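A.B. asks: The structure follows.
The values are calculated or read from the model by the stated rules, or taken from the named source; none is laboratory data. The structure presented is a predicted model; accordingly, all values stated were derived computationally and were not measured. With ideal geometry, Cβ positions are generated from the backbone for all residues, glycine too; neighbour counts draw on all protein chains shown.
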Amino acid sequence: MATTSGRLNFSQLATLAEFGRLGTLAAVAEALGYTPGAVSQQMSALERSVGRPLVERSGRQLVLTDAGHVLVAHAESLIEAERAARLAVAALGSDVAGPLRVGTWGSMAATLLAPVVAELGRRHPEVTVRSKEVDLDEAASEVRRGTVDVAFGLDYPSYPLPPERGIDFLELLEEPFAVVLARRPEGLPAGREVRAADLADLGWILPPATSHFGAALRVGFRRRGLEPRVVHEVTDTAASLLLAAGGLGATVMTPLMRRLTPATELEVLHVADPLTRRIVLLAPSDRTQRTVTSFVEVVSSVVRSLTTPGADAGPGPTP
C-alpha cells in the first residue's frame, strides 16, 4: 500500500490541474510562467507527497495515471476552497483596499481600462490595479485559476460562450456590428440599411475561424444568408479597421470599436438584423473579495456613461 510523505502543496496541485487541462509540460510552463524543468520538479514533489506516480509515459507523450486523474478532480475543488478562504479573510477589513488583478485585451484596454481605473481610484484610492493581457478565449479560465481576479470578456448571441464552473458572466453592454469599408459598393442605395446577403461580393477582413470571435461572425453571417469570402485574416481590431479604410476589404465595427481609430475615414453600412456582441465582466461566483465587487460596480457605471447618447465618441463618423 502506498504511503504519503507530506501535506499537499497548493502550488503543486495547481500545476497538476493545469497539466490535466493542457496536456503537456511545455504548455503548463507557458501558462504558469515556469520553465518546463520547474514544472517537472513540482509534479515529482507532488508524487512524493501522495506516494503514487501521477504521470506516466504513453509512447512519446506524458499522460495522467489513474491516481493523477483522481487528484486532478480533487485539486480544482481544493484550490477554489483555498482561494475562497483567503478572500473571506481579506473581506473582514472595513475599507476597500488592496491589489486587484484585471485581465484585459487589446481593444478593451484601449477603450475601457483607463476610465475604469481612474474612476476606481477616485472612489477607492487604496485599491491598486494591476492589469494583465489575456487571451480573450481563455479569459474565463484565467479567472477560475486565479491568475487574475476579474477579466473583461466578449460573448456573442450567434455563438455563445460555454459556461465556466464558478464564474459569472456579467453583461455590461450589448452593441450591434456595422459593416465598414473604404467606399460604398455600387448598387447599394445611400442612407438605407443593407441585408447581409447583399454583401456577398465583398472581400472580408475577419479574425481566424479558430477564434471565438471569428467563429461567431461566420456563424452569424451564414444564418443571414452570407458566406463571407475572407481575403485577410486579422485578429487585431484596429489593424482590421485600418485595412478596411485602405480599401483592402470590408470588416465589422461596433461603437466602442470605433473609439480605437476615431479619425479614420470609413464608409459605414448599417445591416438589417445586425450581428451583436455582449461585453461581459468575468468574475468569481463567490465574490467575497471587496475589491472585485467594487470593480464590478465601477465598470458598470463607466460603461453606462460612455454609452449614454451624446457621450463623446471622438472625432470622425460613428456607426
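A.B. asks: Please list, ordered by first then second residue, the pairs with beta carbon atoms under 8 Å, 6 or more apart or interchain, first in the range 134-154 and under 17 Å from residue 79 (Cβ atoms), second of a type in the set (S, T, N, Q) and not in a helix (DSSP H, G or I).
C.D. replies: Pairs that qualify, where the first residue is under 17 Å from residue 79 (Cβ atoms) and the partner is of a type in the set (S, T, N, Q) and not in a helix (DSSP H, G or I), are 149/289.
A.B. asks: Next up: So which residues in the range 223-260 are assigned to a strand (DSSP E or B) and of a type outside the set (Val, Ile, Thr)?
C.D. replies: Listed by number, the residues that qualify are 229, 232, 233, 250, 253.
A.B. asks: So which residues in the range 170-213 are in a helix (DSSP H, G or I) and either surrounded by 13 or more Cβ atoms within 10 Å (Cβ to Cβ) or outside the structural domain of residue 250 (by TED's automatic domain parsing) (or both)?
C.D. replies: Hits for the range 170-213 are 196, 198, 199, 212, 213.
A.B. asks: Considering each of 77, 107, 158, 94 in turn, give the residue that is at pLDDT below 80 and closer than 30 Å to residue 273 by Cα.
C.D. replies: 107
A.B. asks: For the range 62-77, give me each residue that is hydroxyl-bearing (Ser, Thr, Tyr) and more than 20 Å from residue 36 (Cβ to Cβ).
C.D. replies: Scanning the range 62-77 gives a single hit, 77.
A.B. asks: Let me confirm something: among 164, 119, which residue is touching a helix residue (DSSP H, G or I) at 6+ places or on another chain (Cβ under 9 Å) and in a helix (DSSP H, G or I)?
C.D. replies: Residue meeting the stated conditions: 119.
A.B. asks: All but one of (1) at pLDDT 95 or above; (2) out of contact with any Asp or Glu (no Cβ under 9 Å at 6 or more places or on another chain); (3) farther than 30 Å from residue 165 by Cβ hold for residue 275; which doesn't?
C.D. replies: Every condition holds for residue 275 apart from (3).
A.B. asks: Checking the structure you have, find out if any residue of the range 178-185 is at pLDDT 95 or above, touching a strand residue (DSSP E or B) at 6+ places or on another chain (Cβ under 6 Å) and of a type outside the set (A, V, I, L, M, F, W, C).
C.D. replies: no
A.B. asks: For the range 150-161, name all the residues that are under 12 Å from the mean Cα position of the chain (by Cα) and either part of a loop (DSSP other than H, G, I, E, B) or surrounded by fewer than 17 Cβ atoms within 10 Å (Cβ to Cβ) (or both).
C.D. replies: Correct list: 161 only.
A.B. asks: While we're on this one: Do you know which residues across the range 122-149 are assigned to a loop (DSSP other than H, G, I, E, B) and surrounded by 14 or more Cβ atoms within 10 Å (Cβ to Cβ)?
C.D. replies: Those that are assigned to a loop (DSSP other than H, G, I, E, B) and surrounded by 14 or more Cβ atoms within 10 Å (Cβ to Cβ): 124, 134, 146, 147, 148, 149.
A.B. asks: Please give the number of the condition residue 209 fails out of (1) of a type in the set (A, V, I, L, M); (2) farther than 26 Å from residue 148 by Cα; (3) in contact with a strand residue (DSSP E or B) (Cβ under 7 Å, 6 or more places away or on another chain).
C.D. replies: (3)
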